[in-house]
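See structure below.
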Amino acid sequence: MKGFIKNIPFHAFLLVPALIFFLFAYNYHTTTFKSTIRSYEIAIIFSAVIFYISYIFNKQKHKAGVVTTALMLALFFYGFIYEVAEKLYYNGWWPFSEIHRYILLSIFLFAILLCYFLFREKRTFHSLTYAFNIFVLILFLLNFIRLSVSFIKIENNTLADETSNNILTIQRKDSLPDIYYIILDGYANDSVLSEIYHYKKNNLTDYLSKNDFFVAENSRTNYISTSPALSSSLNYSYLDSNEQKNSIYNNKVSEYLSGKGYKIVHVRSGFSVTRENYDADTTITLENLSEFERTLLRYSIFRLDDLLGYARYKTLKEQLSVMYDVFKIKGPKYVFIHIVSPHPPYVCDEKGNFKSSPRIINVWWEPKEDYLTQIKYINTETIKFISEIIKRSKVRPIIILQSDHGPWIQSNSFQDIYNTRSMILNAYHIPYNWKNKLYPTITPVNSFRFIFNGLFNDSISLLKDIPLDSQRVKSNINSNLMLTN
């Protein structure tokens, strides 16, 4: 056995799979082993190709193994290196905006220098092969142990969890309306679309007005980016500094409605910020790329998809397709859907066909024409889906259609930047007479307070509507929030 570990450089083929397994072991509760299989296969194929090319040049398996491992590590951590360089760029410590180009060039030069050094060396690198192989085996072993301990804990807690769930179960009431909370990420307010984007007549809000929606024309977001904005609205409160993504996964709206007899339905977005709802009775997943694969896409060499946006396109198209599965679930139900569009990259034409829109780091939300093109496509899909909701509902539904924030724009006018980012789409379909109490400046923090008071005769006080603070926009104009949220 020792001879095998010393003489066969299997680390070249298994180091990246071991790292993938490490990620799985730490995220097993949000993914499945099946969803990781394709990642292992791709890693092994890449390794085999690099090993074969390297071996052709030097005819020494140990040197070929070292080259393969080094290059596979560089490719595996490509996206992580990219994000570090991106942050350096925005802090003024990295001079080049075309980050992909320079990272690829660096990896290419690293590969040439590494091969040159190894091929000139007369040593066989047996000892390095042995050390790398041992490291890979230990990494696999430690994560097998971690998984085993975690599964034992899950099994021991299953009965307690089932008991807890049964306590919350209440008989469903057929008279209750379905509630839909639909988020269009980065969707601009009508006044912004008219003044900044010169889109004078928005067919979406025109449709909403004609179909008994109240459109809060002067609504602003409470927070600057997706995670705190949704954490706030889903918990109908302003946030402490520690309340961010976790309060989306485990939020008060879902807990409250579950206690009222609602089935909680969560449609995944393909992005970590709204990946889970711990109270969900049904989670509608995306199969084109698993959540696990999307994480690897972000941090590995496949981050180069930024330049094409094809993976984002496939994710968006699949979500817009599977969200219709909510109609298979009998009510009353509360459905949460976060559609990450018209947020860039702009990957669709007006008819929903793939359109590459390469990412340019310092103008992430530009050009405005491409933003409008994606708006028009999302309008079509949103109108179609809402029409289907109304058509299929036996009890007239409650629908909140909202954006988490507006887009960033390139402008010399701070007021234009602030208005564009803070003013949002905020529309309500409420088929009850208490709809008349809605007002044009309502902010998302009060959306569910208002609905719970009207629907269940609760007495939850509305909070003071505090719109997005202009100072926060000012302090983040040059930050990476412009890119990722």
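Sites listed here are trypsin sites (Lys or Arg not before Pro) in the range 362-403 whose DSSP assignment is loop and whose Cβ has at most 13 other Cβ atoms within 10 Å: Lys394.
By the beta-carbon count within 10 Å of each Cβ, the least crowded to most crowded order of Ser191, Ser258, fewest first, is Ser191, Ser258. Calculated mean residue ellipticity, 222 nm, the chain: -16500 deg cm²/dmol, from DSSP H runs (n ≥ 4) at -39500 (n - 2.57) each, averaged per residue and rounded to 500. Neighbour counting of Cβ atoms within 10 Å sorts the residues Met423, Met323, fewest neighbours leading, into Met323, Met423. From a point 7 Å beyond the Cα of Ser150 in the direction of its Cβ, which residues of the range 32-57 have a backbone N at a distance under 20 Å? Residues passing the 20 Å test: 32-41.
For the range 350-355, 3J(HN,Hα) computed residue by residue from phi via the Karplus equation (6.51, -1.76, 1.60; θ = phi - 60°) reads 5, 9, x, 7, 5, 9 Hz, glycine and proline entered as x. Helices that extend 20 Å or more along their long axis by alpha-carbon positions and average at least -0.5 on the Kyte-Doolittle scale are, among the DSSP H runs of the chain, 11-26, 37-58, 61-76, 99-120, 126-168.
Distance in nm between label sites at Ile383 and Tyr116, each 7 Å beyond Cα in the beta-carbon direction? Reported label-point gap for Ile383 and Tyr116 is 6.1 nm.
For the range 2-152, the relative contact order comes to 40 percent (Cα pairs under 8 Å, sequence separation of at least 6).
Expected output is a single nm value to one decimal: the length gained when fully extending between Asn203 and Arg472, i.e. 0.36 nm times separation in residues minus the C-alpha distance. What is it?
Values: separation 269, 0.36 × 269 = 96.84 nm, distance 3.16 nm.
Full extension of this stretch gives 93.7 nm more.
Computed extension length for Asn250-Ser175: 24.3 nm, one decimal, from 0.36 nm per residue of separation with the Cα-Cα distance subtracted. For a modelled paramagnetic label at Asn218, 7 Å from Cα along Cα-to-Cβ, the residues of the range 179-196 in reach, with backbone nitrogen under 20 Å, are 188-196. Here the residues Thr69, Thr32, ranked from fewest to most Cβ neighbours within 10 Å of their Cβ, fall in the order Thr32, Thr69.
Beta-bridge orientation, the chain: approximately 35 percent antiparallel, per DSSP, counting only bridges with both partners inside. Cβ-Cβ distance of Lys330 and Glu287, R₀ of 22 Å, FRET efficiency by 1/(1 + (r/R0)^6): the value works out to about 0.40. The simple Förster model, with R0 at 25 Å and r as the Cβ-Cβ distance, assigns Leu307 and Lys351 a FRET efficiency of 0.65. Remark on the range 2-152: Rg and Dmax equal 17.6, 51 Å (Cα only).
Sequence-distant contacts, meaning Cα pairs under 8 Å at least 6 residues apart, place the relative contact order of the chain at 22 percent. Between the listed residues Ser191, Val335, Val445, the Cα displaced farthest toward the positive end of the dipole of the chain, a dipole computed from Cβ unit charges relative to the Cα centre, is found at Val335.
Given R₀ = 25 Å, FRET efficiency for Leu104-Ile45 by Cβ-Cβ distance, to 0.05? Write down the numbers at each step before the final one.
Working: r = 20 Å, r/R0 = 0.80.
Rounded to the nearest 0.05, the efficiency is 0.80.
Straight-line cross-link reach from Lys61 at under 23 Å between alpha-carbon atoms covers these lysines, not counting any fewer than eight positions away in the same chain: Lys2, Lys6, Lys122. Given their separation in residues at 0.36 nm each and the Cα-Cα distance between them, Ile460 and Ala131 gain 112.2 nm when the chain is fully extended.
Please report the spacing between the Cα centers of the range 299-322 and the range 98-138 in Å, no decimals. When both Cα centres are located, 30 Å separates them.
Building the convex hull from the alpha-carbon atoms of the range 175-484 and averaging its projection over directions returns 14.9 nm².
We did not get these values from a lab; they are worked out from the coordinates using the rules stated. Predicted, not measured: the structure shown is a model, and the values here were computed from it. Virtual Cβ from ideal backbone geometry, glycine too; neighbours counted across all protein chains shown.
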